[in-house]
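Let me begin by presenting the structure, written as structure tokens, before commenting on it.
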Amino acid sequence: MSNFIHFGIAEKMYTENQNRITRLFDIKYPIIQGGMIWHSGWRLASAVSNNGGLGLIGAGSMYPDILRENIQKCKAATYKPFGVNVPMLYPNLDEVIQIILEEGVKIIFTSAGNPKTYTETLKKEGLKVAHVVSSTKFAIKCEDAGVDAIVAEGFEAGGHNGRDETTTFCLIPNVRKHISKPLIAAGGIALGSQMKAAMVLGADGVQLGSRFAATKEASSHENWKQKIISLNEGDTHLTLKELAPVRLVKNKFFHDLENLYETGRNAEALKETLGRARAKRGMFEGDLEEGELEIGQVSALLDGIISVEEVFTNLLREYRATNVPDL
């Protein structure tokens, strides 16, 4: 496809989809990159923003000083909007929030906690706030808390997830029915056709995690990236419901957890097993057997490690090529 044709498709999609998400975040396309631990450093976030989406730095796997460094490098790498994803259960939460304010970040996505904790404070400081939920009940609470946008994530998604196991196709239209805020669909989205489907169901935009995890710019280990694109249907499973549900690849670490279940699902034993930096060991250091490997079901659709620019090219082409005939 020539650059001229690609530009024409991109501009047409941009014109047709000027919606609440693109206006809210001042971005070209309603495409957000998930703030994934061990994947979402400044290189990935800036590349996504430079291609017209919203890049997010994943604070969940960063010490405060590392987060500050990533924010500063991201500001140097792009003049376009980017944000930070912050799990509300972060142990140094107050310090992390202060760094975000000091560095002048204007967008924050919060998750894994109560949206009321910081939303009012952040909005008073001029930040746009989005919160990630896995159910309609919590989406309503987010709206009551005053967030600017809501990310509704189906249980197809990788990483930490909801206990209800509600799929994206069921979740999005139900959340849309109960809230008025801008809605971002997440979980099981890697293709332009899936993006269009999510928007037909009521989403104003989409958040992609697994697709961006398998890019050249992602900060995760090459061994892990190669593993992602080799996965098939059924190679991931939602586990750890006793603590915090998470979708993992079925490797030795996963089966060790399952064996603990057979001994009575001892929560303390699970915590001890998890407390050995297993996520870093797997996704950042590349230990595919003893490490914790978090990825979504949509990984079965991924067949190559490509650049962020190629991700956008493919998404736009697939989005435009999806024609749904009238009945």
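The values are calculated or read from the model by the stated rules, or taken from the named source; none is laboratory data. Remember, predicted model here, so these are calculated numbers, not experimental data. All Cβ positions, even for glycine, are placed from backbone atoms using ideal geometry, and neighbour counts span all protein chains on display. Calculation scope for accessible area: heavy atoms of the full protein, side chains included, ligands and nucleic acids excluded. Shrake-Rupley method; radii C 1.70, N 1.55, O 1.52, S 1.80 Å.
What does the net charge come to around I71 if you take all other residues with beta carbon closer than 12 Å to its beta carbon, with K and R at +1 and D and E at -1? Every neighbour counted, the sum reads 0. Counting protein heavy atoms only, the chain has 50 percent of its accessible area on carbon and sulfur, 1.4 angstrom probe. Here the dipole of the stretch 140-205 is about 160 debye; that uses its Cα centre as origin and unit charges on the Cβ of Lys and Arg (positive) and Asp and Glu (negative). Put a plus charge on the Cβ of each Lys and Arg, a minus charge on the Cβ of each Asp and Glu, and nothing anywhere else: the dipole of the stretch 116-155 about its Cα centre is then about 60 debye.
Where a Cα-Cα gap under 22 Å defines reach, which lysines qualify for K252, not counting those fewer than 8 residues away within the same chain? Filter leaves K225, K227, K241, K271, K280. Ranked by solvent-accessible area (1.4 Å probe, protein heavy atoms only, all chains present), the residues M199, M283 order from largest to smallest as M199, M283. Taking each DSSP H run with n ≥ 4 as -39500 (n - 2.57) and averaging over every residue of the chain yields -11500 deg cm²/dmol at 222 nm. Please work out the FRET efficiency for the pair R163 and L301, using the Cβ-Cβ distance as r and a Förster radius of 25 Å; give the result to the nearest 0.05. Approximately 0.45, to the nearest 0.05. Seen from all directions on average, the stretch 173-327 presents a Cα convex hull projection of 11.5 nm². In a reduced charge model with +1 at each Lys and Arg Cβ and -1 at each Asp and Glu Cβ, the chain shows a dipole moment near 800 debye about its Cα centre.
For the set T263, T22, solvent exposure ranked by accessible area (probe 1.4 Å, protein chains only) runs largest to smallest as T263, T22. The stretch between E318 and S193 holds 44.4 nm of extra length on full extension. This uses 0.36 nm per residue minus the Cα-Cα distance. Straight-line reach from K116: taking Cα to Cα under 16 Å and skipping same-chain neighbours fewer than 8 places apart, the aspartates and glutamates in range are D94, E125, E143, D144, D148.
Using a probe of 1.4 Å, the accessible surface attributed to K196 totals some 40 Å² when neighbouring protein chains are kept in position. In the stretch 11-108, taking the dipole from charged Cβ atoms about the Cα centre, the farthest positive-side position among I99, G52, I32 is held by G52. Electrostatic bookkeeping for S299 treats Lys and Arg as +1 and Asp and Glu as -1; over the other residues with beta carbon under 13 Å from its beta carbon, the sum is 0. When only alpha carbons are used to place a centre, the stretch 282-302 and the stretch 88-147 end up 27 Å from one another. Of T117, T110, T167, the residue with the largest accessible area leads and the full order is T117, T167, T110 (1.4 Å probe).
The convex hull around the C-alpha trace of the chain, projected and averaged over every direction, spans 16.5 square nanometres.
On full extension, the segment bounded by K106 and L243 gains 46.1 nm, given 0.36 nm per residue less the C-alpha separation. For the residue pairs K73/K123; K75/K216; K73/K141, the alpha carbons lie more than 26 Å apart in K73/K141.
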